[in-house]
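All remarks here apply to the structure that follows.
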Amino acid sequence: MGYNQPYRDDENSSRTPLSADATFTGEWTYCAHHNTVMAACKADVAGTLYMEFGSTGSGAAESTLTYTIPAGINQVHRLAVTRPYYRVKYTNGSTGQTTFDLQTMFGDFGILSAPLNLSLNQYSDAITVRAVSSEIDIAAGRFGGFQYFDKFGTNPDIDSGPEDIWEGGGLYTGFPTDQARTLEIFSSSTNDDEGGTGAEKIIVFGLDSNWEEAQEEFTLDGTSTVTSTSTWWRVNRAIVTQSNNGANTTFNDGNITIRHATTGNVLVFLTAGYNQTRQLVYTVPAGKTLYATQAFVSILKSNNSVGRMLLWYRPFGGTPRLVREFSVSNSDSFNVTIPGGVPLTEKTDVSLRCQSVTSTNTEINGFLEGVLVDNT
């Protein structure tokens with residue numbers, strides 16, 4: 001066999017499905033006469049791939065590169081040979097596999113590339129050149145582990161302050177720290193009811209008892225309270241999904257309130273006629289980090305007022321911290337791009353607050369953009 005002639009390493013390849021939590025461990029193979037090693041892996045259950053190098057061909061590895069392998073996704077990884085010996089390990093997830101294909105090749109392989117329509121994740125080996133912006137790719141779901149973030153809100157009537165930028169007015173009450181609780185949902189109008197002329201169903205997006213992203217759809221019962229079966233720490237957004245007896249041609253007729261049972265803490269106040277929450281308050285889900293990259297705040301043009309604004313966050317278990325302090329007026333909005341973004345870790349609360357205004361009945365609007373990234 002000539003040097004760098006590609007060949008399949010049978011000792012580090014397998015098509016035998018693994019049981020739950022089982023590990024396949026290959027054999028140490030002398031590879032010093034090759035430039036690169038490539039491992040391709042696909043399984044119907046998520047697992048972890050380890051590409052290991054050593055100097056002696058026995059004992060523990062001296063260098064290990066670790067890759068998460070999503071279920072049903074073919075992963076290919078190419079590495080330069082850095083030590084004389086190589087082996088592969090693969091640990092299966094908590095469910096037994098029905099299909100498993102792990103192949104190892106030695107040779108002199110070129111750099112991997114990816115087609116423009118391929119969905120990439122944080123473990124993909126690729127030099128990616130695209131004709132469109134990365135923001136569009138993220139929004140289109142082509143980068144696994146990355147999610148475009150957009151949160152907007154309004155407070156239509158600030159008289160003095162401090163008030164947060166949400167429709168409920170005053171300081172936001174939806175950041176409790178004691179425990180997750182069931183939700184109570186009701187409207188101020190009897191028309192927001194199944195078969196009614198207003199909103200019939202509403203979907204809630206928030207954080208469950210484990211601080212993980214969750215969603216649940218509820219059928220409204222007018223002014224009567226509908227109670228969730230599960231418990232929630234936070235509600236980040238709510239959207240009406242059905243209205244006007246299924247014709248879907250109208251908006252919520254009344255103000256819809258979503259609150260924690262027993263405490264009465266209001267997490268959502270959805271103003272009549274919008275079908276969508278407008279509150280610039282948010283909590284980062286477990287297992288993710290939010291990189292806040294842009295903020296915009298304005299005062300309604302007809303308001304002759306100046307507002308002193310605070311963008312703040314509260315890390316989990318910590319105290320509130322200031323990100324930015326600035327002023328806005330009806331002739332001077334605030335728009336800032338933050339290079340690299342402000343990193344907000346999992347379970348962090350973030351809010352835009354108006355500390356004070358110079359005129360009553362001031363309406364302030366704003367949005368916050370960024371990227372949510374899966375922690376690895």
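The values are calculated or read from the model by the stated rules, or taken from the named source; none is laboratory data. In this text the structure is predicted, and so the values were computed from the model without any measurement. Glycine also receives a Cβ, built like all others from the backbone with ideal geometry; neighbour counts cover every protein chain displayed.
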Report summary line: Note on Asn303: of the conditions (1) buried (at least 19 other Cβ atoms within 10 Å of the Cβ); (2) assigned to a strand (DSSP E or B), unmet is (2)
**Report entry** Subset of segment 164-187 (residues that are surrounded by 15 or more Cβ atoms within 10 Å (Cβ to Cβ) and among the polar types (S, T, N, Q))
**Finding:** Thr173, Ser187
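Evaluate the following for Arg321: is it in contact (Cβ under 8 Å) with a residue 24 or more places away in the chain and of a type in the set (D, E, K, R)? Talk me through it step by step, then tell me what you get.
On the way: in contact (Cβ under 8 Å) with a residue 24 or more places away in the chain: no; of a type in the set (D, E, K, R): yes.
No: the conditions fail for Arg321.
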Report summary line: Pairs returned, first residue in segment 289-302 that is in contact (Cβ under 8 Å) with a residue 12 or more places away in the chain and aromatic (Phe, Trp, Tyr), second residue that is surrounded by fewer than 18 Cβ atoms within 10 Å (Cβ to Cβ) and not in a strand (DSSP E or B), beta-carbon separation under 8 angstrom, 6 or more apart or interchain, are Phe296/Ser333
Query raised in the report: Exactly one of (1) surrounded by 18 or more Cβ atoms within 10 Å (Cβ to Cβ); (2) closer than 18 Å to Ile256 by Cβ; (3) within 25 Å of the chain's Cα centre (by Cα) is unmet by Trp211. Its number?
Result: (2)
Query raised in the report: Can you tell me which of Ala140, Ala126, Ala114 is of a type outside the set (D, E, K, R), in contact with a Leu (Cβ under 7 Å, 6 or more places away or on another chain), at pLDDT below 85 and loosely packed, with under 15 Cβ neighbours inside 10 Å?
Result: Ala126
Query raised in the report: What are the residues in segment 170-198 that are within 28 Å of the chain's Cα centre (by Cα) and farther than 13 Å from Val266 by Cβ, if any?
Result: Thr177, Asp178, Gln179, Ala180, Thr182
